[in-house]
Amino acid sequence: MAQPFRVVFILYPRLTQLDFTGPYEVLARMPGAEAIIASKDGGVLVTEMGLTFANLRALADIDRADMIMIPGGPGQTEAMLDPAFMAEVKRLGESARYVTSVCTGSLILAAAGLLTGKRAGSHWAYRDLLAAFGAIPDDARVVRDGAAITGGGVTAGIDIALTIVADLAGEKVAKMIQLAIEYAPAPPFNSGRPETAEPETVAAVTQLFSTFAAQRREAIEQMTGAV
């Protein structure tokens, strides 16, 4: 029997849950996939909005991954500054066939040295920060550069995961999963990208995220010496 394709979702406190659960719904349905949910310490983890996940495995107990998937969220900054956490990301990522992320999870991949010289995506409000780690910011919703697959914020995780399934299991399987989860976006407003949202909406959200942006920039300056 063929060995399962092991997808390790690497979580940390105060992540944005849809960054994780969106891709999980897709990738866990992929034939032959083994989905593992892990964090630095394992056990219980509380997300950005208070949703709690339990029975997580400890990263140190996982010997290998065919793919790592890292979500984004406000807790990304603290995670990126945690040497023990980053050592596990680097260990699993360097031997994985694919390194993937959603939203600001790409900053963790980049900080671990896994996106150097590669095109990479992130949430639009923080995408430029990737350059500090030697990655090349790309504004596409799904960005693939070799074995690195990253992309935009939160809801983009479903698109990223479907792209991965199409690559690994074929377009037919990806389409079946898309239909199974009835993924047929039809938003009531054309406001999901800064290029299409009204200027006042972009300004309001930019202001809303300004504290996170400053914290992330400060953390990256601390790590690299400059942005």
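Overview of values
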| quantity | calculated |
| --- | --- |
| Condition broken by V173, with the remaining ones in (1) at pLDDT below 95; (2) of a type outside the set (D, E, K, R); (3) more than 23 Å from G75 (Cα to Cα) satisfied | (1) |
| Neighbours by Cβ (under 8 Å, 6+ apart or cross-chain): first from region 175-199, over 18 Å from R141 (Cβ atoms); second of a type in the set (S, T, Y) | E198/S191 |
| Subset tally (residues that are among the β-branched types (V, I, T), out of contact with any Pro (no Cβ under 7 Å at 6 or more places or on another chain) and not in a helix (DSSP H, G or I)) for region 57-114 | 6 |
| Test: residue in region 151-165 that is touching a His at 6+ places or on another chain (Cβ under 7 Å), not basic (K, R) and not in a helix (DSSP H, G or I) | yes |
| Long-range neighbours under 8 Å by Cβ, at least six apart or interchain, first residue more than 18 Å from L130 (Cβ to Cβ) and modelled with pLDDT of 95 or more within region 60-82, second part of a helix (DSSP H, G or I) and of a type in the set (D, E, K, R) | A60/E88 |
| Looking only at region 200-220, and only at residues there that are touching a residue at least 12 places away in the same chain (Cβ under 8 Å) and not aliphatic (A, V, I, L, M), the one that is surrounded by the most Cβ atoms within 10 Å (Cβ to Cβ) | R216 |
| Number of positions in region 9-29 that are crowded, with 20+ Cβ neighbours inside 10 Å and more than 12 Å from the chain's Cα centre (by Cα) | 2 |
| For G75: the one exception among (1) within 23 Å of V165 (Cα to Cα); (2) out of contact with any helix residue (DSSP H, G or I) (no Cβ under 9 Å at 6 or more places or on another chain) | (1) |
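The values are calculated or read from the model by the stated rules, or taken from the named source; none is laboratory data. All values reported here derive from a predicted model rather than from experimental measurement. Here the Cβ is made from the backbone with ideal geometry for all residues, glycine too, and neighbour counts use every protein chain on show.
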